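Participant: Before I ask anything, let me first share the structure, which is written out below as structure tokens.
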Amino acid sequence: MSALQNAKKTDDGVMVNGFLLSPIVEQCQGCDRVRDFDEQQFCASYPNPSSKWAGGRCNFATHAKIEVAAQAKVNPLKASKRAAKGR
């Protein structure tokens, strides 16, 4: 079952459930949410992918990994005291 099963080609573009879809941008390549329709690719989750990437990273992107900062070192003496208290 495709997310674009109710899609219709109009003069303005592709319309799905009342939303006008814009084609994906270059950063969307490789995402699992990309769907093909009428020889173009569209996002199944968001109608205007370029605005999702404008602020940095798209929160729907399945192919972009989030960089995790290194964990702070824990003092073993304080950690054992916390464990003894039950925290």
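The values are calculated or read from the model by the stated rules, or taken from the named source; none is laboratory data. Keep in mind it's a predicted model, so treat the numbers as computed, not measured. So basically every Cβ, Gly included, is an ideal-geometry build from the backbone, and we count neighbours across all protein chains shown.
Participant: Of the residues Ser50, Ser45, which single one is polar (S, T, N, Q), surrounded by 15 or more Cβ atoms within 10 Å (Cβ to Cβ) and in a loop (DSSP other than H, G, I, E, B)? Explain how you work it out, then say what you get.
Facilitator: Working: Ser50 fails: in a loop (DSSP other than H, G, I, E, B).
Answer to the check: Ser45.
Participant: Let me ask you something else. Please go through the range 44-74 and give me each residue that is within 19 Å of Ala7 (Cβ to Cβ) and in contact with a Phe, Trp or Tyr (Cβ under 7 Å, 6 or more places away or on another chain), ordered by number.
Facilitator: Ser45, Tyr46, Pro47, Phe60
Participant: Of (1) assigned to a helix (DSSP H, G or I); (2) touching a Phe, Trp or Tyr at 6+ places or on another chain (Cβ under 7 Å), Ser80 satisfies all except one. Which?
Facilitator: (2)
Participant: Now for a different question. Answer yes or no: is there a residue in the range 62-75 that is part of a loop (DSSP other than H, G, I, E, B), under 30 Å from Asp11 (Cα atoms) and within 11 Å of the chain's Cα centre (by Cα).
Facilitator: From the range 62-75, those part of a loop (DSSP other than H, G, I, E, B) are 62-75; that's our starting set.
Filter again for under 30 Å from Asp11 (Cα atoms), leaving none.
For the range 62-75, residues part of a loop (DSSP other than H, G, I, E, B), under 30 Å from Asp11 (Cα atoms) and within 11 Å of the chain's Cα centre (by Cα): absent.
Participant: Could you tell me which residue of the range 53-70 is modelled with the highest pLDDT, considering only residues that are surrounded by 13 or more Cβ atoms within 10 Å (Cβ to Cβ) and among the small types (Gly, Ala, Ser)?
Facilitator: Checked the range 53-70; the qualifying residue modelled with the highest pLDDT is Ala61.
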